[in-house]
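Report on the structure given below.
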Amino acid sequence: MKTKKLYRYRPLSDFLFKELRYDELYLASYAELNDPLDLSAKINFKPSGKKQLEYLIHFLIKTSLNLSVNINSGTGKSYIQKMIKLSKDTKLRSRICGRLYDYITKQKCDFVLYDSIEENVIKVSEEFHVEFMLTNFREEVQRITEVFFKNSYATCFSDTCSDFLMWSHYASKHTGICIEFSLNHKDEFPYFLLGKKNTDEEKYCKKFSEWEFNGILYWEKIHKIKYQKNIPSINFFDFSPVFENEGDCDLMTISKSRWHRYAHEVAKVFSVKTSLWKYEKEWRALDINFGKIKEPEERIRHYPIEAVTGVYFGNRTPNKIKDRIFKILNPKNEFINYFDCLFLNNRDVKFRKWEYVDD
């Protein structure tokens, strides 16, 4: 099988030398990416049948009882009683679901946005004299979206090291570098996890002692980005088990098989970008996170230095920076090749071999 090569553009900064020194990959959050639509998804409220709308009514009742009303007031107590009565009245809920389904299907569209579902809920509420706290509903949908679709992380690669715009955007205007990774397993990227050093007081007290560190090398799926016209979406009803089990420790760690398919579905969504970015030919390593927000230091992974087979210097990379990078990498892997970037006509990018010269 032919070895797959992927490229990672890096800007010139103090962080670059730290990453090279410790073989680091940093997984960026939604807020850190330059595309505001990255690591996010629209919520589609289009049901596949009337039965699915029962969950929407349940969700509306639940969020309505997540009260902003004063439960000690007469109005508050009366409202709670009405919501409880509705939750027990299966016939009324069934009629509400049927009417709501009629309104939605009349629109004859594949995608139902939040504003549209809210508009239809208002119509049904007026018809059946039911008052839902739609402000609570909107806030809860937004919160859930943040938890499950804006709390995952990504590291980006490309199929090419010779795109002029990529050098401009991601390698600090051609002053940075592009790292070449050679992958030996199809659609998988290697990571190296250094084991914990055992405490040894006897060795520590010696003036010279030899220590052992255990490490684990593992390969994990890397996703090729698909480019399309529309922003990807998640169906509200398909993901209802996830929304209902937000605090489940098995969900947060994605440790049980029943949660795997939801993580895979989110990974598919995060492997799609709009056609505007097609020139990037992107691949992406993902950390799908259903748990608490991870701090930046918790989002660092390490790769085996053997995976690095090339370093490409930008057209404006200073010579002293090239030398510094060589001195960091060469002691760890003397088989890495180094290249200078050259510009030809019409922003064509070519490379020539770069050799370190010891002064």
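Structure values in brief
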quantity	calculated
Contacts under 6 angstrom Cβ, first residue in the stretch 153-173 being farther than 26 Å from Ala267 by Cα, partner assigned to a helix (DSSP H, G or I), 6 or more apart	Phe164/Arg347
Hits in the stretch 335-346 - residues which are more than 32 Å from the chain's Cα centre (by Cα) and either surrounded by fewer than 13 Cβ atoms within 10 Å (Cβ to Cβ) or of a type in the set (Phe, Trp, Tyr) (or both)	Phe335, Leu342, Phe343, Leu344, Asn345, Asn346
Selection status of Pro36, at pLDDT 95 or above, within 30 Å of Tyr227 (Cβ to Cβ) and assigned by TED's automatic domain parsing to the domain that holds Pro331	no
Criterion (touching a strand residue (DSSP E or B) at 6+ places or on another chain (Cβ under 7 Å) and among the basic types (Lys, Arg)) met by exactly one of Lys51, Lys2, Lys42	Lys42
Meets criteria (within 18 Å of Arg299 (Cα to Cα) and either modelled with pLDDT of 95 or more or in the same structural domain as Asp14 (by TED's automatic domain parsing) (or both)) for Leu217	yes
Residue in the stretch 66-80 that is hydroxyl-bearing (Ser, Thr, Tyr) and under 31 Å from the mean Cα position of the chain (by Cα) present	no
Filter result (over 18 Å from Pro296 (Cα atoms) and more than 17 Å from the chain's Cα centre (by Cα)) within the stretch 22-54	Asn44, Phe45, Lys46, Pro47, Ser48, Gly49, Lys50, Lys51, Gln52, Leu53, Glu54
Top-ranked residue in the stretch 20-38 [being of a type outside the set (A, V, I, L, M) and assigned to a loop (DSSP other than H, G, I, E, B); ranked as surrounded by the most Cβ atoms within 10 Å (Cβ to Cβ)]	Asp38
Selected residue (only one of Ser275, Ser271, Ser257 is within 23 Å of the chain's Cα centre (by Cα) and without any contact (Cβ under 8 Å) to a residue 12 or more places away in the chain)	Ser257
Residue count for the stretch 200-221, restricted to those that are part of a loop (DSSP other than H, G, I, E, B), among the aromatic types (Phe, Trp, Tyr) and under 30 Å from Glu188 (Cβ atoms)	1
In the stretch 154-191, residue surrounded by the most Cβ atoms within 10 Å (Cβ to Cβ) [restricted to those that are touching a Phe, Trp or Tyr at 6+ places or on another chain (Cβ under 6 Å) and assigned to a loop (DSSP other than H, G, I, E, B)]	Ala171
Val266, sole failed condition from (1) surrounded by 12 or more Cβ atoms within 10 Å (Cβ to Cβ); (2) closer than 15 Å to Thr155 by Cα	(2)
Pairs where the first residue, in the stretch 284-305, is farther than 15 Å from Pro190 by Cβ and touching a residue at least 12 places away in the same chain (Cβ under 8 Å) and the second is assigned to a strand (DSSP E or B) and of a type in the set (A, V, I, L, M, F, W, C), C-beta under 9 Å, 6+ apart	Arg284/Ala154; Arg284/Cys156; Arg284/Phe157; Leu286/Ala154; Asp287/Ala154; Arg299/Ala28; Ile300/Leu25
Residues satisfying the stated conditions in the stretch 192-214, i.e. loosely packed, with under 10 Cβ neighbours inside 10 Å, modelled with pLDDT of 85 or more and hydroxyl-bearing (Ser, Thr, Tyr)	Tyr204
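For every residue, the table says whether it meets (1) touching a residue at least 12 places away in the same chain (Cβ under 8 Å); (2) in contact with a helix residue (DSSP H, G or I) (Cβ under 6 Å, 6 or more places away or on another chain); (3) not hydroxyl-bearing (Ser, Thr, Tyr).
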{"site": "Phe181", "(1), (2), (3)": "yes, yes, yes"}
{"site": "Gly195", "(1), (2), (3)": "yes, no, yes"}
{"site": "Lys207", "(1), (2), (3)": "no, no, yes"}
{"site": "Tyr227", "(1), (2), (3)": "yes, yes, no"}
{"site": "Asn235", "(1), (2), (3)": "yes, no, yes"}
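The values are calculated or read from the model by the stated rules, or taken from the named source; none is laboratory data. Note that the structure is predicted; figures quoted are calculated from it, not measured. We place every Cβ from the backbone using ideal geometry, glycine too, and count neighbours over all the protein chains shown.
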